[in-house]
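The values are calculated or read from the model by the stated rules, or taken from the named source; none is laboratory data. Keep in mind it's a predicted model, so treat the numbers as computed, not measured. Note that we place each Cβ from the backbone using ideal geometry, even for glycine, and neighbour counts take in every protein chain shown. Heads up: the accessible areas ignore ligands, DNA and RNA and are worked out on the full protein's heavy atoms, side chains in. Shrake-Rupley method; radii C 1.70, N 1.55, O 1.52, S 1.80 Å.
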Amino acid sequence: MKTFTKVRENPQVPALAIPQRKTWMKFKQQKFLFLMMLPAVIWALIFAYTPMVGLYMSFVNYQPTLGAFWQTLFSSEFVGFKWFDYFFSNGDFLLIMRNTLASTLITLLFSFPMPILIAIAINEIKNVAFKKTVQTASYLPYFISWVIAANIIVTLLSSDGAINGLLKFLHITNESVLFLQHGKYFWWIVALGNTWKDMGYSSIMYLAAISSINPELYEAAKVDGANRFKQIRYITLPHLKPTIVILLILALGGILNAGFDQHFLLGNDLTKDYSDVLSTYSFRYGIQNGMFSYASAVGMFSSVVAFIIVVIVNFIAKRVNGHSLF
């Protein structure tokens with residue numbers, strides 16, 4: 001307060017110097033926190049922001065040569081929005097967007113509520129040893145690569161796999177169902193696969209939020225006669241609301257990122273009309289066909305739409321319930 005008063009009393013110091021001085025004082029007080037944050041900032045600048053210069057490829061007719069990459073890129077013919085026009089006007093656009101949105105929305109339908117349910121269920125386990133065992137078991141699928149996970153899914157869904165064996169045992173069907181050869185099943189297979197793989201790890205955020213709830217609230221609820229379900233409804237879920245809103249905003253921001261690995265590994269020629277999404281489409285044209293500028297334009301379109309969705313959903317969330325990402 002002394003510094004603030006002196007600045008105000010000195011007529012030679014402009015008014016804008018006051019917030020600048022306060023900001024500098026805060027920086028000096030928290031200099032070690034900023035120092036700890038420095039590696040993450042450097043990492044983001046190198047691996048997240050520097051590569052964005054390559055977005056220029058979307059507006060040129062880039063053809064790789066034996067010369068330096070940047071020299072070749074900036075000397076390529078500038079074509080403006082040619083590749084974007086080509087993407088919107090060809091016959092693939094509607095099919096690719098349908099597959100991408102259907103796959104991500106169905107995945108969101110399953111994968112978003114499941115971590116919340118798992119976190120609440122784990123929190124209700126009183127036996128510490130069993131609780132840790134369940135947590136570890138739920139986290140394991142996340143650390144399995146999609147190559148292994150896809151092989152597990154293919155094995156389970158094969159004609160002589162466990163799923164068909166169970167359906168025959170329950171007399172639901174007499175013949176094996178060829179799940180991976182019919183496109184109508186593909187989106188649901190990917191959605192359930194994504195949910196199984198990520199739900200345990202995604203529950204960490206909610207478990208952390210639950211651990212910050214004051215235990216006295218639960219004790220007071222017990223005194224008032226609230227059972228477990230009422231405690232979850234009136235204490236746990238309201239405290240999880242800010243976390244749920246923020247993670248929902250981030251999830252909707254990735255609505256055009258259906259995932260490359262699962263669609264590439266589980267898809268085949270028989271399900272191509274359902275498995276071909278933006279990421280696999282970009283890979284096919286960019287890497288396999290050598291149309292690097294076109295693939296870059298498709299990727300840029302996906303990123304711009306995702307950014308717009310995040311801003312819109314964040315604005316709506318802030319207006320509706322006061323919780324937002326920024």
Residue set Y49, Y56, Y86; condition within 30 Å of the chain's Cα centre (by Cα), modelled with pLDDT under 90 and of a type in the set (F, W, Y); output residue Y49
Exception for T72 within (1) surrounded by 11 or more Cβ atoms within 10 Å (Cβ to Cβ); (2) touching a helix residue (DSSP H, G or I) at 6+ places or on another chain (Cβ under 7 Å) falls at (2)
Among (1) within 30 Å of Y274 (Cβ to Cβ); (2) touching a helix residue (DSSP H, G or I) at 6+ places or on another chain (Cβ under 8 Å); (3) not acidic (D, E), P64 falls short only on (1)
Condition set of a type in the set (S, T, N, Q) and in a helix (DSSP H, G or I), scope the range 18-72, selection farthest from S296 (Cα to Cα): answer is Q29
All-but-one check, L325 against (1) open to solvent by less than 60 Å² (accessible area, probe 1.4 Å); (2) at pLDDT below 90; (3) in a loop (DSSP other than H, G, I, E, B), failing number (1)
So the helices (runs of 4 or more DSSP H) completely within the range 181-296 holding 2 or more residues that are in contact (Cβ under 8 Å) with a residue 40 or more places away in the chain are 183-211, 237-253, 260-266, 272-275, 278-283
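For the condition at pLDDT 90 or above, open to solvent by less than 60 Å² (accessible area, probe 1.4 Å) and under 28 Å from F112 (Cα atoms), what is the one hit in L192, L157, L166?
Details: L192 fails: open to solvent by less than 60 Å² (accessible area, probe 1.4 Å); L166 fails: open to solvent by less than 60 Å² (accessible area, probe 1.4 Å).
That would be L157, the only listed residue that is at pLDDT 90 or above, open to solvent by less than 60 Å² (accessible area, probe 1.4 Å) and under 28 Å from F112 (Cα atoms).
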Reported set for the range 296-322 where residues are of a type in the set (D, E, K, R) and either surrounded by 13 or more Cβ atoms within 10 Å (Cβ to Cβ) or within 18 Å of M52 (Cβ to Cβ) (or both) is K318
